[in-house]
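One structure is given below, encoded as structure tokens.
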Amino acid sequence: MTAPALATPANDLPPWIAAQTTELLAQRGHAWLLAGPSGLGQYPLALALVRAWLCEHPTPQGACGQCGSCHAIDVRTHADLCVLMPETSMLALGWPLSEKAQNEIDEKKRKPSKEIRVDAMRDAVEFSQRTSARGLGKAVLVFPAEDMNNVTANALLKTLEEPPGDVKFVLATQAAHQLLPTIRSRCLWHTMRWPGAAEGQEWLQTQGLSAAQAQQALLACGARPQDALAFFQSGRDAGAWSGFPRAMARGDVSYVRDWSPAELLMGQHKLCHDLLAVSVGASPRFFAVNDLLPSASLAALSQWGKALTGQHRTIDHPFNPGLLLEALVTQAQRALTATP
Ligand SMILES: [Zn+2]
């Protein structure tokens, strides 16, 4: 799967990201924290900022997209850019790992890490003390910043507190409340803006979705365009999403056989959220009203919601994914068919 809005030129950004790029570039600041729920474009915005900072011919709108620096970023070889991400994200987004890390993974000594590793943070601290290779300063991009553990966060904090002169930081997060308060207070805060409904819809159509597909994907993802695109690209079809609540109510494991436990858990969370919303007279957010079967027991629903939250913490390390899918579906069916 290719990642969206990745090596795209600055002028090809979604309109709401382009507008925020211009706005942030007009302000001074050596460390930005881009915060908001997932799927609003933290990563593309962070990348647009560092491209502009390092560009040889930047405009108020951002990087030129033509110069040697822009090209070096697009091919992931810029000596003055340090990207800190969990290794799984680095690989997914096409960023090279350090030679040491890549060797360890190639030799199967370990799996790619799902958090930002201490080794990588050490490299970043060392990076920020080096002189700029291209003479236009340096940049550190951290995403998602909540994937730093306490050790890595404290190492970064030292550098944020006493930044070497020519380095700028952009931290992008989907869970700002999980960051150390000291990290938050060292950064200028930017709250990611929600695109207008029409804006998100139009952008998805430029990414190859039909109007109906865009509408359905946006619905499934709570109006977050980047998430909607990922949902569409993962091969989930819109019809399957609208049939999901009924499949859960009848305990149909085959319906989600090719889903990962994490995906299923997320889907069930959304379903539970919507049913609770509807039960108190609010509008559902992720499903169309007609896709939802009224549920009889509010107590069973809220208990289910609590169970899902607990399971969320361990979902990345399932003992047996197949069994876990079955257990999750059974649990859902019980909650959805409980009598008051
Ligand atoms: Zn450029």
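The values are calculated or read from the model by the stated rules, or taken from the named source; none is laboratory data. What you see is a predicted model, and the numbers here were worked out from it, not measured in a lab. Neighbour counts run over all protein chains shown; Cβ positions are idealised from the backbone, glycine included. Accessible surface areas use protein heavy atoms only, side chains included; no ligands, DNA or RNA. Shrake-Rupley method; radii C 1.70, N 1.55, O 1.52, S 1.80 Å.
A few comments on the model shown:
- Pairs with Cβ under 9 Å, 6+ apart, first in region 54-68 and more than 6 Å from the ligand (Cβ to nearest atom), second of a type in the set (S, T, N, Q) and open to solvent by less than 10 Å² (accessible area, probe 1.4 Å): 54/69; 61/21; 62/21
Table: residues versus (1) touching an Asp or Glu at 6+ places or on another chain (Cβ under 7 Å); (2) at pLDDT below 95; (3) not charged (D, E, K, R).
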residue: 4; (1), (2), (3): no, yes, yes
residue: 13; (1), (2), (3): no, yes, yes
residue: 45; (1), (2), (3): no, no, yes
residue: 102; (1), (2), (3): no, yes, yes
residue: 106; (1), (2), (3): no, yes, no
residue: 111; (1), (2), (3): no, yes, no
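- Test for residue 332: is it more than 27 Å from the chain's Cα centre (by Cα) and either surrounded by 11 or more Cβ atoms within 10 Å (Cβ to Cβ) or of a type in the set (Lys, Arg) (or both): no
Condition check ((1) surrounded by 17 or more Cβ atoms within 10 Å (Cβ to Cβ); (2) in contact with a His (Cβ under 6 Å, 6 or more places away or on another chain); (3) of a type in the set (A, V, I, L, M)) across all residues:
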position: 268; (1), (2), (3): yes, no, no
position: 271; (1), (2), (3): yes, no, yes
position: 279; (1), (2), (3): no, no, no
position: 284; (1), (2), (3): yes, no, no
position: 287; (1), (2), (3): yes, no, no
position: 292; (1), (2), (3): yes, no, yes
position: 302; (1), (2), (3): no, no, no
position: 312; (1), (2), (3): no, no, no
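- Residue that is nearest to the ligand (Cβ to nearest atom), among those in region 73-101 that are among the small types (Gly, Ala, Ser) and surrounded by fewer than 18 Cβ atoms within 10 Å (Cβ to Cβ): 79
- Scanning region 102-128 for residues that are within 22 Å of the chain's Cα centre (by Cα) and either open to solvent by 30 Å² or more (accessible area, probe 1.4 Å) or closer than 15 Å to residue 140 by Cα (or both) yields a count of 10.
- Residue within region 270-279 that is modelled with pLDDT under 90 and over 29 Å from the mean Cα position of the chain (by Cα) present: yes
- Filter result for residue 259 (in a helix (DSSP H, G or I), under 23 Å from the mean Cα position of the chain (by Cα) and within 30 Å of residue 211 (Cα to Cα)): no
- Remark: residue 69 matches the filter, which requires a residue to be surrounded by 19 or more Cβ atoms within 10 Å (Cβ to Cβ) and within 18 Å of residue 132 (Cα to Cα).
- Residue within region 143-160 that is more than 24 Å from the chain's Cα centre (by Cα) and under 30 Å from residue 57 (Cα atoms) present: yes
- Scanning region 20-31 for residues that are surrounded by 16 or more Cβ atoms within 10 Å (Cβ to Cβ), more than 16 Å from the ligand (Cβ to nearest atom) and part of a helix (DSSP H, G or I) yields 20, 24.
- Counting the residues of region 36-53 that are within 11 Å of the ligand (Cβ to nearest atom) and either farther than 19 Å from residue 168 by Cβ or open to solvent by 20 Å² or more (accessible area, probe 1.4 Å) (or both) gives 1.
- Only residues that are over 16 Å from the mean Cα position of the chain (by Cα), closer than 23 Å to residue 86 by Cα and aliphatic (A, V, I, L, M) were counted in region 16-47, giving 1.
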